[in-house]
Structure formats: structure tokens, C-alpha cells
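Reviewing the structure listed below.
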Amino acid sequence: MRKKKKNSRLMPYGAGLCLGYAALAAISGIAALIVLITDASGAAGVAAIVAIAAGSFISGRVVGKMNRKNGMKSGAICGAAFIVPILLFSVIFGKAGTFLLFVKIALSVIFGAAGGVSGVNADEG
């Protein structure tokens with residue numbers, strides 16, 4: 001009988017963050033294309049919020065599916081880890097003082113926790 005391979009405790013977080021950032025990049029690319037075509041630059045902030053919320057939800061869902069327990073806690077941790085690079089880029093490019101940044105942080109943690117709960121409750125498939 002074959003032994004089950006024990007994975008690292010951080011592997012679900014790494015996988016979740018990778019898939020979350022892939023979703024963030026895809027949604028941001030689609031939004032950039034829409035803004036380029038329609039010349040509606042006011043929609044860029046809304047698109048950024050939607051991309052961050054979707055990316056953190058997906059990352060939390062992956063963590064919840066891989067851990068199969070403590071979905072809200074692990075999803076919220078993943079959502080907080082998801083927003084750290086975005087926060088660093090905001091500090092570097094001088095956008096850290098805006099109110100919208102705090103909204104993005106809150107949405108990332110909330111949607112990460114919701115994704116973790118939905119990942120734990122999802123079917124094994």
C-alpha cells in the first residue's frame with residue numbers, strides 16, 4: 001500500500017494566491033481592453049475593485065478546497081496575503097492615502113473569507 005504524500009501547510013495558500021493573481025490579471029486585462037475601446041476611464045477604479053474581489057474570492061476558494069476545514073479563517077488569511085502586493089504597489093506609486101485602498105483591503109479579506117467558506121462546502125471534484 002502506498003503512503004499518502006504529506007504536502008506543506010503553505011501549499012494551499014501558494015496555489016490559491018497563484019490562481020487568484022491569474023484571475024486578477026485576466027479581469028484587469030479585459031477591463032483595460034474595455035477602457036481602451038470605449039474610452040471610459042472612470043470605469044477603471046470599478047474594474048480594479050471587481051478584479052481584486054474576484055481574485056481574492058478565487059484564492060480563498062482554492063485554499064478552502066485544499067484544506068477542507070477552517071474555511072473562513074484560511075480564506076481571510078489568504079485574502080489578507082492577496083492584498084499585500086497591491087498595498088506595496090500603492091505605496092510605491094503614491095496612491096496609498098486614498099480611501100479606496102481601505103475599501104480594497106476590506107473587500108479582499110471579506111471575499112477571501114467567503115471564498116474559503118464556499119471552497120470548504122464545495123463538492124470534492
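Mind giving me the FRET efficiency for M72 and F93? R0 is 41 Å, r the Cβ-Cβ distance, nearest 0.05 is fine.
0.80
Residue by residue through the range 67-72, what is 3J(HN,Hα) from phi via Karplus (6.51 cos²θ - 1.76 cosθ + 1.60, θ = phi - 60°)? Round to whole Hz and write x for glycine and proline.
7, 6, 7, 6, x, 5
Taking just the C-alpha trace of the chain, give me its Rg and Dmax in Å.
For the chain, the Cα radius of gyration and maximum Cα-Cα distance read 16.0, 62 Å.
Calculate the spin-label point distance for N121 paired with F102, positioning each point 7 Å from the Cα along the beta-carbon direction, and give it in nanometres.
Roughly 3.0 nm, to one decimal.
Suppose we take every Cα in the range 16-70 and form the convex hull; what volume per residue is that in Å³?
Considering the Cα atoms of the range 16-70, their hull volume per residue is 52 Å³.
Under a point-charge model restricted to the Cβ atoms of Lys and Arg (+1) and Asp and Glu (-1), what is the dipole moment magnitude of the range 41-125 relative to its Cα centre, in debye to the nearest 20?
Using only the charged Cβ atoms, the result is roughly 140 debye.
Output the relative contact order of the chain, whole-number percent, from Cα pairs under 8 angstrom with separation of 6+ residues.
32 percent
Can you work out the accessible area per residue across the chain, with the rest of the protein chains kept in place, probe 1.4 Å, in square angstrom?
64 Å²
Collect residues whose amide H, placed 1.01 Å from N in the peptide plane, falls under 5 Å from the amide H of N70; neighbours closer than 5 in sequence don't count.
none
Put +1 on the Cβ of each Lys and Arg and -1 on the Cβ of each Asp and Glu in the chain; which of N7, A43, A53 then has its Cα farthest toward the positive end of the dipole?
Looking along the dipole axis, the top candidate is N7.
With labels modelled as points extended 7 Å from the Cα through the Cβ direction, what inter-label distance (nm, one decimal) is found for S8 paired with L36?
Calculated label separation equals 3.5 nm.
Mind grabbing the base-10 log of I(q)/I(0) for the range 71-121 at q = 0.22 Å⁻¹? Debye formula, identical points on the C-alpha positions, no solvent, two decimal places.
Log10 I(q)/I(0), no solvent term: -0.70.
Applying the Karplus parametrisation 6.51 cos²θ - 1.76 cosθ + 1.60 with θ = phi - 60° to the phi angles of the range 80-95, what ³J(HN,Hα) value in whole Hz is obtained for each residue in order, glycine and proline being reported as x?
Rounded to whole hertz, the list is 5, 5, 5, 7, 4, x, 5, 5, 5, 5, 5, 5, 5, 8, x, 10.
The values are calculated or read from the model by the stated rules, or taken from the named source; none is laboratory data. This is a predicted model, so every value here is computed, not measured. With ideal geometry, Cβ positions are generated from the backbone for all residues, glycine too; neighbour counts draw on all protein chains shown. What goes into the accessible areas is simple: the full protein's heavy atoms, side chains included, and nothing from ligands, DNA or RNA. Shrake-Rupley method; radii C 1.70, N 1.55, O 1.52, S 1.80 Å.
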